[in-house]
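No lab work stands behind these numbers, since they all come straight from the coordinates. What you see is a predicted model; the values in this text were computed from it and never measured. Here the Cβ is made from the backbone with ideal geometry for all residues, glycine too, and neighbour counts use every protein chain on show.
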Amino acid sequence: MNIIVKLRRQTSRDSQPSYQTFEIEADPDRTTVLDVLIRIQSEQDGSIGFRRNCRNAICGSCAMRINGRSGLACQKHVSEVMGDRDEELVIEPMQNLPVIKDLIVDMTKFWNNLQKVDPYVSTASRQISKTEFLQTPAQRAKLQAAANCILCGSCYSECNAAAVSDRFVGPHALAKAYRVMADNRDDRTEARTEQYNQAGFVWDCTRCYNCNEVCPVEVQPLDRISQIKHEILDNHDLPESTAQRHRHTMVELVKEDGWIDESKFGVRVVGDNFRDIQGLLSIFPLGIRMVLSGKMPYPWQFQKSEGATEVKALIEAIASAKDKAN
Ligand code: FES
């Protein structure tokens with residue numbers, strides 16, 4: 001089969017990208033995207049730039065966007081990424097990181113963000129045992145999924161929060177954060193819970209699920225982020241952050257009325273029930289815009305859900321089951 005390959009080229013950080021088309025003959029079921037690139041480089045154009053090393057989905061070097069979705073070029077067969085309607089194999093660099101050349105991106109920010117979560121099991125805890133610090137199979141299983149991460153960057157490339165927020169550390173960093181948090185040898189759980197509750201960590205995730213969709217090794221970063229959130233919400237010693245108040249208020253309001261009375265929501269979450277005047281003032285311009293555009297949810301227009309009693313009973317039953325489980 002003749003495969004048309006459209007490759008995004010860029011000579012340097014500041015240059016404009018363009019697409020170059022190549023054609024190679026290959027068996028799509030037996031040829032990986034990385035094989036395609038290697039053949040183009042050796043047979044047609046030695047100047048194309050891309051990273052690769054293990055060719056076996058282990059090192060994470062060959063992450064790139066393939067037909068609009070990030071993944072490992074050495075893991076994807078051409079037949080897998082070219083649906084029936086795809087006439088071309090479009091290969092582009094990862095998103096959310098600056099391009100150095102062609103498919104090679106500058107990963108500095110990616111590594112710096114990882115560093116922010118302190119991604120190492122605390123060395124202090126290692127001093128407890130003078131011999132090996134053994135884990136039971138159950139203790140090891142708890143961190144298995146997160147430990148699979150090969151730090152390829154596919155999740156970061158597709159992350160909607162990273163695309164718009166400079167402060168968000170990214171799904172790769174938070175998956176690693178959970179990996180150390182879930183490790184029974186680490187003795188910094190309290191400090192980590194407090195740190196990951198700050199802006200830029202778990203609460204900045206928009207839950208778009210893109211990271212879970214593209215992760216090539218089933219780390220499922222969003223699930224790891226959710227696990228950290230649960231640890232935070234279960235820790236009643238932490239001062240309540242706006243993000244936590246958001247969660248609690250949502251449940252409180254649904255429990256009261258069956259659904260959310262938006263006129264109360266902003267006041268309780270951002271205004272902390274009139275305790276945070278600065279917070280209240282910060283949403284004042286939004287309130288004005290809502291009034292002007294006819295979208296202000298006035299309290300006298302709000303009606304309780306007809307199923308409010310059942311909803312309340314359900315929430316209480318879940319809370320009681322959770323208490324029993326603990
Ligand atoms: Fe190592 Fe693809 S070359 S993961």
Near the amide H of ILE3, under 5 Å away, which other amide H atoms are found, from residues 5 or more places off or on another chain, if H is placed in the peptide plane?
ILE24, GLU25, ALA26
Gyration tensor (alpha-carbon) shape descriptor, the stretch 172-251, a/c threshold 1.5:
oblate
For the stretch 193-207, take each phi angle, set θ = phi - 60°, evaluate the Karplus expression 6.51 cos²θ - 1.76 cosθ + 1.60, and give the result in whole Hz per residue in order, putting x for glycine and proline.
4, 5, 5, 6, 7, 7, 4, x, 10, 4, 6, 7, 5, 8, 6
Built amide H within the under 5 Å cut-off of LYS76, gap 5+
VAL33, LEU34
Just for the chain, what percent of DSSP beta bridges are antiparallel, to the closest 5?
80
How much FRET efficiency would the formula 1/(1 + (r/R0)^6) give for GLU252 and GLU88, where r is the Cβ-Cβ distance and R0 is 30 Å, rounded to 0.05?
0.05
Rank-order 186-196, 88-98 by packing density, defined as the average count of other C-beta atoms within 10 Å over each peptide's residues, highest first.
88-98, 186-196
Over the stretch 1-75, what portion of Cα pair distances is larger than 21 Å, expressed as a whole percent?
26
Pairs of Cα atoms under 8 Å, at least six residues apart: use those to get the relative contact order of the chain, whole percent.
13
Given backbone amide H placed at 1.01 Å from N, residues whose amide H is under 5 Å from that of VAL90, ignoring those fewer than 5 places away on the same chain, are LYS6, ASN67
Calculate one ³J(HN,Hα) per residue across the stretch 103-112 by plugging θ = phi - 60° into the Karplus curve 6.51 cos²θ - 1.76 cosθ + 1.60, and present them in order as whole Hz with x for glycine and proline.
9, 9, 10, 7, 8, 3, 5, 4, 6, 4
Rounded to the nearest 10 degrees, the helix 308-325 long axis (Cα) sits at an angle to the longest Cα principal axis of the chain of 70
All other residues with a Cβ under 14 Å from the Cβ of ILE40 taken together, and with Lys, Arg as +1 and Asp, Glu as -1, what is their net charge?
-2
Add +1 for every Lys or Arg and -1 for every Asp or Glu among the other residues with Cβ under 12 Å from the Cβ of PRO171, and state the total.
-1
Can you list the HN-Hα couplings for the stretch 266-271, worked out from phi with the Karplus curve (6.51, -1.76, 1.60; θ = phi - 60°), rounded to whole Hz and with x for Gly and Pro?
x, 5, 6, 7, 6, x
So what is the diffusion coefficient of the stretch 1-134 in µm² per second by Stokes-Einstein at 4 °C and 1.567 mPa s, using a Kirkwood Rh over Cα pairs?
78
Which order, highest average first, do 63-73, 136-146 follow once you tally other Cβ atoms within 10 Å for each residue and take the mean per peptide?
63-73, 136-146
Grab the Cα-Cα distance for LEU134 and GLN44, subtract it from 0.36 nm times how many residues apart they are, and report the gain in nm with one decimal.
27.1 nm
Extension length gain for LYS322 and MET290 (0.36 nm per residue less Cα distance), in nm, is 7.7 nm
Taking the chain and counting helices only, DSSP H stretches of n ≥ 4 at -39,500 (n - 2.57) each over all residues, the nearest-500 ellipticity at 222 nm comes to -13000 deg cm²/dmol
Longest principal axis of the chain (C-alpha) makes with the long axis of helix 221-234 (C-alpha) an angle, in degrees to the nearest 10, of 20
At 0.692 mPa s and 37 °C, Stokes diffusion of the chain via Kirkwood alpha-carbon radius, µm² per second
142
For a test of the definition: using alpha carbon positions, the gyration tensor, and the 1.5 limit on a/c, classify the stretch 237-319 as rounded, prolate or oblate.
oblate
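What is the sum of charges, Lys and Arg at +1 and Asp and Glu at -1, for the other residues whose Cβ falls under 12 Å from the Cβ of LYS264?
In short, -4.
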Would you mind putting 99-106, 221-228 in packing order, based on average other-beta-carbon counts within 10 Å, highest first?
221-228, 99-106
Rounded tilt (10° steps) of 171-181 against the dominant C-alpha axis of the chain
60
